[in-house]
1. As a test of the definition: which semi-axes, in Å, follow for the stretch 21-111 when you take the square root of five times each eigenvalue of its alpha carbon gyration tensor? Largest first, please.
2. Multiply the residue gap between VAL127 and THR64 by 0.36 nm, knock off their C-alpha separation, and tell me the result in nm, one decimal place.
3. Which three extents, in whole angstrom, do the alpha-carbon atoms of the stretch 58-151 cover along their principal axes, largest first?
4. So for the stretch 28-136, taking the charge dipole from beta-carbon charges (+1 Lys/Arg, -1 Asp/Glu), which of LEU81, VAL37, ALA125 sits furthest toward the positive end?
5. About its Cα centre, what dipole magnitude does the stretch 48-151 give when the only charges are +1 on Lys and Arg Cβ and -1 on Asp and Glu Cβ, stated in debye to the nearest 20?
Amino acid sequence: MSSEQNPSPNPAAADGPRPRRLTLAAALAALEGAALVIGGVWTFVLGLTGAPDDRQQAITLGVTLIVLALLPLLAARGLLLRRSWSRGPAVITQIMALPVAYSLLQADSVAIPAGIVLAVVAVAALVLLINAETTRALGIHTPGHTRDPRR
């Protein structure tokens with residue numbers, strides 16, 4: 001089979017090294033995913049071994065956080081591999097993080113610094129993900145532009 005009959009799924013991957021912005025966006029998404037996994041495992045273990053107000057709710061929250069971690073972790077992997085589909089889940093993760101950061105900022109506790117960090121990470125990741133260089137590296141074309149330059 002020739003390469004014309006079996007095209008690569010992402011032709012942008014062969015266009016040189018991965019842009020630094022794309023690598024940073026992937027790192028931020030992976031950081032968020034890792035934080036969700038750590039928080040989920042911590043909540044789950046405390047639900048099993050500690051004395052929470054509601055053991056079932058603590059365990060459910062822990063499992064939910066671990067499952068939610070899959071979205072940014074898969075997006076980070078896709079960004080590193082320069083898969084165009086990965087930008088959508090990465091952007092969704094950042095948009096979901098902003099209300100969480102806002103609610104943490106409204107608390108009168110040690111959650112305020114966590115809210116600040118989460119807001120900064122989410123905004124930085126959004127800026128990196130919508131950057132033109134990142135878009136080109138992922139092979140995403142803007143409206144009005146065709147993939148075949150001969151058209």
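1. Details: eigenvalues 153, 49, 19 Å².
Calculated on Cα positions only, the semi-axes equal 28, 16, 10 Å.
2. Numbers: separation 63, 0.36 × 63 = 22.68 nm, distance 2.75 nm.
Taking VAL127 through THR64 to full extension adds about 19.9 nm, to one decimal.
3. The Cα atoms of the stretch 58-151 stretch 59, 25, 19 Å along the principal axes, largest first.
4. Going by the charge dipole, the pick is LEU81.
5. Values: 9 positive and 5 negative charges, 172 e Å.
With only Lys, Arg, Asp and Glu charged at Cβ, the dipole is about 820 debye.
A short reminder: the numbers here are calculations on the coordinates, not readings from a lab. Quick caveat: nothing in here was measured; it's all calculated off a predicted structure. Neighbour counts run over all protein chains shown; Cβ positions are idealised from the backbone, glycine included.
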